[in-house]
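Quick notes on the structure that follows.
Every number here is computed from the coordinates shown, using simple stated rules; none is lab data. Nothing here was measured: the structure is a model prediction, and the numbers come from that model. Please note: Cβ atoms are built from the backbone with ideal geometry, for glycine as well, and neighbour counts cover all protein chains shown.
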Amino acid sequence: MTDDPALRLTLDMITIRPPGGPCARNVPVVLSRFLVAVGRYGRRIVAVGLVVAVVLVMAFLWRPSLADPAFGPLMVLSLCSYGLMFVAFVRPVPRAFEVRPQVPAFRPRLNPALVLATLGVLFYAVVLTGELIQESETAGFLGWLAPMGMAIAAVGLAATMLRGLGLELRPEGLRHRELAGTLTVPWDAEPVVPVAMEKRTVMYVRYGRPELVHRHGLITSRRRLYTDNIDQPLAARVIWYYVNYPEYRSAIGTHAEYDRLLSEISNKDL
């Protein structure tokens, strides 16, 4: 049994116990633990996948004959990644932040569905690139278009996963990362999140001092925060707490503060 309370809470949230024998019950348990691990170690998994993809492409360039025996396993890996991605999309949302003392910050773990989607795109991009290497002399413009587009998408997704997506709480305020930009919200901007929210993956925020909110890059909206991998009521309570209790902001990112925060917000009314 794990000693990590956040991981244990997440496992309890997403484990499904269907009727049937031990084997039938063990499958969802193993799958739940696998998805938790993918979210927890998502950046490392994506980094390894990216390195493997680059090594394979270099090997195909060095010896194109290596591509044929690799296509089958790569397609299987890609399809398995996409299949597990759909399972991850329908899982219950975790009710825990990840504590990052080195940043320092509280932030959700990576969405395992996005990690698996990135792996699927990476593996398929390697297949298309290998086919292009074999047929480079006869491939026309359209023959180059699909592999190059898929390769660019794969590298872009991998870079985004390594950088991180979604909401992050820091001592100085909120930071929200999207695919091509970052939204920075200092606590002095007085972010207010409604408790009753209609969409699971989008949280709408208004600001007491909107002039203090800054965009960097391309951001879809200053009022929408994506919460695809964190429980929205929990995120709303945490934001409300630090807006109203500024004396605790400097401790954000420490395990002691996270334990104290969970105890405090469970006893306070919004």
Kindly express, to the nearest 10 degrees and within the range 0 to 90, the angle between helix 255-265's C-alpha long axis and the longest C-alpha principal axis of the chain. 60
Give me SER32, SER266 sorted ascending by neighbouring Cβ count inside 10 Å, so fewest comes first. SER266, SER32
Computed P(r) (all Cα pairs; segment 42-163; 5 Å bins; percent): 2, 11, 18, 20, 18, 12, 8, 5, 4, 2, 0
Please work out how much length the chain gains when fully extended from VAL155 to ASP259, using 0.36 nm per residue of separation minus the C-alpha to C-alpha distance, in nm with one decimal. 33.7 nm
So who's got an amide H within less than 5 Å of the one on GLY173, skipping anything under 5 residues away but keeping other chains? H placed 1.01 Å off N, in plane. TRP187
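Tell me, what is the FRET efficiency for THR220 and ARG44 to the nearest 0.05, using R0 = 30 angstrom and their Cβ-Cβ distance as r? The partial results should precede the final answer.
Working: r = 28 Å, r/R0 = 0.94.
Result of the calculation: an efficiency of 0.60.
Per 0.36 nm of contour for each residue apart, how much would the distance between ALA180 and ARG163 grow if the chain were fully extended, relative to their Cα-Cα spacing? Don't skip to the end; give the middle numbers.
Details: separation 17, 0.36 × 17 = 6.12 nm, distance 1.07 nm.
Extra length from ALA180 to ARG163 when fully extended: 5.1 nm.
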Residue order, fewest to most beta carbons within 10 Å, for TRP187, TRP62: TRP62, TRP187
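Tally Lys/Arg at +1 and Asp/Glu at -1 over every other residue whose Cβ is under 14 Å from the Cβ of SER250; what's the total? Let's see the in-between values first.
Values: positive: ARG170, ARG249, ARG260; negative: GLU172, GLU247, GLU257.
Within the 14 Å Cβ shell, the charges total 0.
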Given charges at Cβ of Lys, Arg, Asp, Glu: the chain dipole, positive-most of THR118, VAL99, ILE133: VAL99
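What is the gain in length, in nm to one decimal, between VAL55 and ASP68 on full extension, counting 0.36 nm per residue of separation less the C-alpha to C-alpha distance?
Values: separation 13, 0.36 × 13 = 4.68 nm, distance 1.56 nm.
Between VAL55 and ASP68, full extension yields 3.1 nm more.
For the chain, what does -39500 (n - 2.57) per DSSP helix run (n ≥ 4), summed and divided by total residues, give at 222 nm, in deg cm²/dmol to the nearest 500? Working shown, then result.
Values: 8 runs with 143 residues, N = 270.
Calculated at 222 nm, the ellipticity per residue is -18000 deg cm²/dmol.
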Helix 141-163 vs. the chain, principal-axis angle (Cα, 0 to 90°, nearest 10): 30
Inverse of mean 1/r across different Cα pairs in segment 151-265, Kirkwood, Å: 14.9
